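> There's a structure below that I have some questions on.
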Amino acid sequence: MVKNEISCPSGGKKFKAYLAPMVRASTTPLRILSLRYGADAVYTEEIIDKSILGCDRVERSVEVFRPSVKGERYDKNAGDGDGGSNNPDGSRKEYRVIDYVKSTAGMSDRQRRKMKTTGEPILLRIVPEIEGDRIVFQIGTGDSILASQAAEKVYRDVSAININMGCPKKFSTAGGMGAALLDDPQRAADIVRSIRSALPSHISVSAKIRLLKDTPSTIDFVRTLVSAGASSITVHARTVGMKEQDEALLERLRPVIDSVKQYGGVEAVVNGDLYNREDMARVVEMSGADSVMVARPSFHH
């Protein structure tokens with residue numbers, strides 16, 4: 001990831017960089033590493049509404065590895081606390097964590113026996129001292145009631161709630177979630193509205209979408225979400241049918257981002273093929289976005 005307050009090559013607009021929600025990737029280790037390297041915020045991997053509702057919230061203390069970053073001063077005489085590290089690769093420290101653990105209620109005897117060897121199933125671990133007000137919970141949902149219930153369960157431990165409206169994978173769309181919402185703007189708006197009304201005003205509600213078939217359709221969808229209460233929109237510059245290796249349609253972003261910013265106070269975030277700082281600055285200047293979101297390229301550094 002990159003340092004805070006990155007400037008465009010022209011020396012003009014500054015922007016923020018976020019770690020994207022990635023299944024089986026945006027877990028605690030990568031989120032902590034990204035924050036250490038300057039990410040302004042990090043997103044959890046997508047967690048389905050019913051899954052988080054089926055969890056018990058557990059607070060406890062565990063030892064967490066906090067990696068060092070290139071150029072960070074190493075003091076061989078320092079301890080493992082905040083004042084330094086006795087390991088140039090990083091340090092270990094006891095932190096208070098919040099775990100969302102899958103409830104054993106309703107588990108079969110076989111599942112309970114398996115837990116004895118695999119350990120308890122932790123769906124989400126948050127380290128408040130490190131992640132603080134910079135962690136965003138991404139929810140996978142297709143139902144406004146379940147969505148608001150899930151958001152109410154976790155909002156005290158995160159800074160914002162993001163709704164996945166862009167995942168094209170079958171496991172997501174088959175349940176009416178992810179990219180399936182792009183074809184149902186009314187249901188998408190109901191989900192945003194339901195979460196927004198259930199949470200206190202300081203918790204922002206946002207959505208991550210893909211480009212629709214054409215620019216007018218994308219703009220209409222964005223306006224629907226903002227009118228329902230979304231305070232931030234992330235646009236992945238690919239359509240539903242495109243693969244990861246397909247070149248992002250960055251040239252289509254400008255009118256969509258402009259439509260977001262017409263509302264004033266609504267953050268516009270772009271995502272897609274942002275491999276280095278130069279890419280980020282170029283796309284921000286091209287699109288007019290406020291922030292960027294980095295997914296797969298975060299593994300390249």
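> Modelled label-to-label distance, Ser197 and Glu120, 7 Å Cα→beta-carbon offset: nm?
3.6 nm
> Same structure, new question: Mind putting together the pair-distance distribution for the chain? All Cα pairs, 10 Å bins, whole percent per bin, short to long.
Reading the bins upward from 0: 6, 27, 33, 23, 10, 2, 0.
> Could you tell me what percent of the accessible area of the chain is made up of carbon and sulfur, with a 1.4 Å probe and every protein chain present? All intermediate terms of the calculation are to be shown ahead of the outcome.
Details: 6820 of 14300 Å².
Taking all protein chains in place, the chain shows 48 percent carbon and sulfur surface.
> Enumerate the amide H contacts of Gly229 below 5 Å, restricted to partners 5 or more residues apart or on another chain; note that Pro and chain-start residues carry no placed amide H.
none
> Hey, another quick one. Which of the residue pairs Lys13/Lys243; Lys16/Lys213; Lys14/Lys169; Lys102/Lys208; Lys153/Lys208; Lys208/Lys243 have a Cα-Cα distance greater than 24 Å in the structure shown? Kindly include the intermediate steps, with their values, before the conclusion.
Numbers: Lys13/Lys243 31 Å; Lys16/Lys213 28 Å; Lys14/Lys169 34 Å; Lys102/Lys208 26 Å; Lys153/Lys208 21 Å; Lys208/Lys243 17 Å.
Listed pairs above 24 Å: Lys13/Lys243; Lys16/Lys213; Lys14/Lys169; Lys102/Lys208.
> Ok, one more. Report the residue, chosen from Arg277, Arg112, Arg125, that carries the largest GNM mean-square fluctuation when the chain is represented by alpha-carbon nodes joined by springs under 10 Å.
Judging by the Gaussian network model, the answer is Arg112.
> While we're looking at this one, here's another question. At 1.4 Å probe size, put Lys208, Lys13, Lys170 in order of accessible surface, largest to smallest. Kindly include the intermediate steps, with their values, before the conclusion.
On the way: Lys208 30, Lys13 75, Lys170 160 Å².
If we order Lys208, Lys13, Lys170 from most to least accessible, we get Lys170, Lys13, Lys208.
> With every protein chain in place, what's the accessible area of Ser227 (1.4 Å probe, Å², nearest 10)?
90 Å²
> By how many nm would the segment from Asp184 to Arg277 grow when fully extended, if each residue of separation counts as 0.36 nm and the alpha-carbon distance is taken off?
Numbers: separation 93, 0.36 × 93 = 33.48 nm, distance 3.53 nm.
This chain segment gains 29.9 nm when fully extended.
> Could I ask something else about it? Starting from the Cα of Glu244, step 7 Å toward the Cβ, then list every residue of segment 154-168 with an amide N under 16 Å from that point.
Only 167-168 fall inside the zone, counting backbone N under 16 Å.
> Let me ask something else. Run lengths n ≥ 4 of DSSP H only: what is the helix-derived mean residue ellipticity at 222 nm for the chain, with -39500 (n - 2.57) per run over all residues, to the nearest 500? If you can, show how the numbers build up before the last one.
Working: 10 runs with 91 residues, N = 301.
Mean residue ellipticity, 222 nm, calculated: -8500 deg cm²/dmol.
> Further, regarding this structure: So, for segment 174-227, what is the accessible surface per residue at a probe of 1.4 Å, expressed in square angstrom? Could the numbers behind the result be given before it?
Details: 2190 Å² over 54 residues.
About 41 Å² of surface per residue is accessible.
> Using the Kirkwood formula on the Cα atoms of segment 116-246, what hydrodynamic radius do you get, in angstrom to one decimal?
Values: mean 1/r = 0.0648 Å⁻¹.
Result for segment 116-246 stands at 15.4 Å.
> Specify which residue in the list Ser287, Val260, Ser206 is farthest towards the positive end of the charge dipole of segment 202-301, using unit charges on the beta carbon of Lys, Arg (+1) and Asp, Glu (-1), about the Cα centre.
Ser206
> How much net charge surrounds Ala41 when only the other residues with a Cβ under 10 Å from the Cβ of Ala41 are counted, with Lys and Arg +1 and Asp and Glu -1? All intermediate terms of the calculation are to be shown ahead of the outcome.
Numbers: positive: Lys16, Arg31, Arg134; negative: Asp40, Glu131, Asp133.
Residues close to Ala41 contribute a combined charge of 0.
> On the full set of protein chains, 1.4 Å probe, figure out the accessible area of Thr239 and give it in Å² to the nearest 10.
Accessible area, nearest 10 Å²: 30 Å².
> What does the charge count near Ile219 come to, summing +1 for each Lys or Arg and -1 for each Asp or Glu among other residues with Cβ under 14 Å from its Cβ?
Working: positive: Arg210, Lys213, Arg223, Arg252, Arg254, Lys261; negative: Asp214, Asp220, Asp258.
Neighbour charge sum, excluding Ile219 itself: +3.
> Something else about it: Run the numbers for Arg60 and Lys169: contour at 0.36 nm per residue of separation, minus the present Cα-Cα distance, in nm. Mind dumping the intermediate values first?
On the way: separation 109, 0.36 × 109 = 39.24 nm, distance 3.46 nm.
Stretched out fully, the Arg60 to Lys169 stretch lengthens by 35.8 nm.
The values are calculated or read from the model by the stated rules, or taken from the named source; none is laboratory data. Quantities reported herein were computed from a predicted structural model and do not represent experimental measurements. Because the Cβ atoms are built from the backbone with ideal geometry, glycine has one as well, and the counts that use them run over all protein chains shown. Just the protein is used for accessible areas: all its heavy atoms, side chains included, with ligands, DNA and RNA removed. Shrake-Rupley method; radii C 1.70, N 1.55, O 1.52, S 1.80 Å.
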